[in-house]
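K.L.:
Pasting in a structure now, in structure tokens, and then I'll have a few things to ask.
The values are calculated or read from the model by the stated rules, or taken from the named source; none is laboratory data. Note that the structure is a prediction, hence the values are computed from the model and not measured. Positions of Cβ are generated from backbone atoms using ideal geometry, with glycine treated the same way; all protein chains shown enter the neighbour counts. Just so you know, the surface numbers come from the protein's heavy atoms only, side chains and all, with ligands and any DNA or RNA stripped out. Shrake-Rupley method; radii C 1.70, N 1.55, O 1.52, S 1.80 Å.
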Amino acid sequence: MGGVEDDEPPSKRVKVTSVNSGGISNGVSLRQRGCSLSDSMARLLASQGDDEVVGSKGVIKKVELVRVIAEALYSLGYSKSGACLEEESEIPFHAPMVDLFMSQIVEGQWDESVSMLHKIGLTDETIIKLASLVIFEHKFFELLDDGKIMDALKTLRTEITPLCINGERIRELASFILSPSQNLLDGTSSKASKLESRKKLLDKLRELLPPTVIVPEKRLVQLVEQALVLQKDACKFHNSSVGNMSLLSDHQCGRDHIPTQTLQVLQEHNDEVWFLQFSHNGKYLASSSGDRLVIIWEVMLDGQVSLKHRLHGHQKPVSCISWSPDDNQLLTCGVEEVVRRWDVDSGESLHMYEKSGLGLVSCAWAPDGKSIFSGVTDKSIGMWDLEGKELECWRGQRTLRIADLGITSNTKELISVCKETIILLFGWESKSERFIEEEQIITSFSLSEDGKFLLLSLWNEELHLWNIDGCPRLIAKYKGHKRSRYVVQSCFGGLDHAFIASGSEDSQVYIWHRLSGELILTLAGHTGAVNCVSWNPANPHMLASASDDRTIRIWGLSQVNMNYNGRHTNGVHHCNGGT
């Protein structure tokens with residue numbers, strides 16, 4: 001045990017709603033003035049070079065803060081309060097010229113609104129041209145919608161074409177004249193439909209024009225959301241719904257949000273427990289052992305885990321388990337033996353997959369659940385239909401005798417350890433190949449549920465997190481657990497995969513905060529090496545660990561509550577100290 005050669009892994013395991021936010025309520029009046037605005041309020045945007053700041057850090061400009069608050073008030077429907085804020089602060093939400101410009105858009109005064117673009121503080125000619133194009137295009141489509149073909153043609157020739165922005169777009173617009181039925185507007189010329197389409201035009205212009213001219217829609221809400229997300233991401237123990245975060249206090253969670261309490265010890269295996277994995281829906285847990293037995297456990301509504309089926313049939317210890325996409329079937333792979341497919345409901349063996357003279361070392365489901373993949377001892381990877389017909393066999397240095405095989409549904413890539421220090425990402429349809437190369441021997445890996453991240457366990461007792469969405473890049477490292485002789489498995493877990501967990505040869509479970517890389521907890525209880533961990537994907541408060549002490553431990557919260565978002569759970573804790 002423990003020797004590593006070119007072909008061998010470590011031997012163990014083998015072991016206007018938006019318009020109304022600007023105040024437009026009737027298509028003409030821009031804001032309902034609950035307090036009459038005095039003439040002295042005419043501090044226009046040109047005066048917004050005011051350097052007055054608020055806050056202890058000296059980074060928030062008072063003028064911008066007031067305008068953002070005013071936008072929030074108008075957006076929430078508090079027009080009188082917004083108008084009073086403008087009057088009392090003498091800081092206009094928008095300059096009168098901008099108000100007039102928005103009114104012109106809503107009233108369909110196209111030529112006047114384009115002319116106004118030069119009067120509302122725009123200095124970038126490119127933005128002026130793009131905004132003019134957007135306005136004239138809308139004018140063009142409204143004319144077509146009203147059946148005014150010649151007027152639409154005139155707009156195209158004399159107003160849109162001279163902008164010289166996009167020749168291909170000019171030809172596309174000309175095609176609408178030949179086929180008016182393709183008009184991008186809704187085909188009706190009612191007053192209500194026109195008003196609605198003009199509100200959408202204002203939304204486009206709001207995105208195009210600088211925020212100093214038109215305050216972005218719901219800007220204050222965006223800033224508050226960003227602050228909450230940053231606080232959540234910085235919280236080492238955050239493991240509860242963001243909806244439970246409060247604006248009234250700084251966000252903080254305690255370690256009681258992490259499953260650290262042993263709730264059950266499962267003792268049905270008669271040998272070292274090598275592998276375990278929760279189903280995608282979190283309702284089942286499958287485990288395998290050196291006793292050649294696979295057990296399917298059921299997570300009951302009260303959070304208790306009970307034995308459902310003992311699966312007999314393998315002649316060698318089982319080192320790999322894979323749940324079908326719908327969780328109705330299970331694949332199991334014996335060490336250099338065969339792959340078996342089981343029915344979860346009945347526990348019946350449905351099929352056995354094998355290759356003459358060779359052993360299978362890993363197993364995984366295709367994303368559609370209609371075929372399976374397996375690594376082979378000759379370093380190839382095979383693909384079978386459910387009835388056992390071999391559909392493909394990719395030969396060469398495709399995989400080592402390591403019982404990990406990953407499948408990404410978005411990019412349709414097979415992930416395997418093709419050499420001791422190299423991960424292969426192979427597109428089985430596109431035949432593309434991507435590689436991740438490490439300096440240390442790779443002993444195992446875990447793929448995130450969304451297929452965007454890959455967690456590698458290395459020979460030097462480090463975990464490396466790679467972002468494989470696009471060009472692979474190393475983004476984090478985790479240290480602290482012990483591994484010298486055996487393979488130990490790691491996993492993603494918690495709410496939004498906020499944590500990394502790993503087994504360890506010192507009989508403990510290690511948990512890191514994924515974004516910061518900080519080791520936050522170690523869980524003691526096992527009396528032998530912890531070979532594998534699995535976090536319930538449907539319940540961030542449930543973690544399972546498998547050990548050489550022949551037991552499985554189910555970890556949960558110290559207090560028992562029910563119903564985490566309608567799913568299986570053993571506890572729900574809220575943020576900011578609430579329970």
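K.L.:
For segment 352-381, give me each residue that is under 14 Å from residue 337 (Cα atoms), part of a strand (DSSP E or B) and of a type outside the set (Ser, Thr, Tyr).
P.N.:
352, 355, 358, 360, 375, 376
K.L.:
Let me ask something else about it. I'd like the residue in segment 293-307 that is crowded, with 20+ Cβ neighbours inside 10 Å and not aliphatic (A, V, I, L, M) and, out of all such residues, is modelled with the lowest pLDDT.
P.N.:
Filtering first and then ranking leaves 303.
K.L.:
Right, here's the next one. Given the criterion within 27 Å of residue 99 (Cβ to Cβ), open to solvent by less than 50 Å² (accessible area, probe 1.4 Å) and more than 41 Å from the chain's Cα centre (by Cα), identify the matching residue among 142, 159. Lay out the reasoning, then the answer.
P.N.:
Values: 142 fails: more than 41 Å from the chain's Cα centre (by Cα).
One residue alone meets the criteria, 159.
K.L.:
For segment 450-491, enumerate the residues that are assigned to a strand (DSSP E or B) and surrounded by fewer than 19 Cβ atoms within 10 Å (Cβ to Cβ).
P.N.:
Within segment 450-491, 462, 467, 473, 474, 475, 476, 477, 479 meet the criteria.
K.L.:
Further, regarding this structure: Residue 508 - would you say it is open to solvent by 20 Å² or more (accessible area, probe 1.4 Å), polar (S, T, N, Q) and within 19 Å of residue 547 (Cβ to Cβ)?
P.N.:
Working: open to solvent by 20 Å² or more (accessible area, probe 1.4 Å): yes; polar (S, T, N, Q): yes; within 19 Å of residue 547 (Cβ to Cβ): yes.
Taking the combined requirement at face value, the residue satisfies it.
K.L.:
Output the number of the condition that residue 335 fails; it satisfies all remaining conditions of (1) more than 31 Å from the chain's Cα centre (by Cα); (2) at pLDDT 95 or above; (3) buried (at least 19 other Cβ atoms within 10 Å of the Cβ); (4) not small (Gly, Ala, Ser).
P.N.:
So residue 335 meets the others, but not (2).
K.L.:
While we're on this one: I need the full set of residues from segment 394-403 which are open to solvent by 70 Å² or more (accessible area, probe 1.4 Å) and in contact with a Cys (Cβ under 7 Å, 6 or more places away or on another chain), in order please.
P.N.:
Across segment 394-403, the qualifying residue is only 397.
K.L.:
Then there is this: Using the structure shown, decide if residue 122 is in a helix (DSSP H, G or I) and either in contact with a helix residue (DSSP H, G or I) (Cβ under 7 Å, 6 or more places away or on another chain) or exposed (fewer than 14 other Cβ atoms within 10 Å of the Cβ) (or both).
P.N.:
Taking the combined requirement at face value, the residue does not satisfy it.
K.L.:
Taking the condition of being more than 24 Å from the chain's Cα centre (by Cα) and open to solvent by less than 50 Å² (accessible area, probe 1.4 Å), how many residues in segment 272-283 meet it?
P.N.:
Within segment 272-283, residues that are more than 24 Å from the chain's Cα centre (by Cα) and open to solvent by less than 50 Å² (accessible area, probe 1.4 Å) number 4.
K.L.:
Checking residue 391 against (1) of a type in the set (A, V, I, L, M); (2) within 15 Å of residue 426 (Cα to Cα); (3) open to solvent by 60 Å² or more (accessible area, probe 1.4 Å), only one condition comes out false. Which one?
P.N.:
The number of the failed condition is (2).
K.L.:
Among 346, 356, which is the only one that is open to solvent by 20 Å² or more (accessible area, probe 1.4 Å), modelled with pLDDT of 95 or more and over 29 Å from residue 410 (Cβ atoms)?
P.N.:
Only one candidate qualifies: 346.
K.L.:
Given the conditions (1) over 42 Å from the mean Cα position of the chain (by Cα); (2) open to solvent by 20 Å² or more (accessible area, probe 1.4 Å), report the number of the one that residue 152 does not fulfil.
P.N.:
Among (1) over 42 Å from the mean Cα position of the chain (by Cα); (2) open to solvent by 20 Å² or more (accessible area, probe 1.4 Å), residue 152 violates only (2).
K.L.:
Enumerate the strands (runs of 3 or more DSSP E) found wholly within segment 271-346, keeping only those where 3 or more residues are more than 28 Å from residue 505 (Cβ to Cβ).
P.N.:
Of the strands (runs of 3 or more DSSP E) lying wholly inside segment 271-346, those with at least 3 residues that are more than 28 Å from residue 505 (Cβ to Cβ) span 305-311, 339-343.
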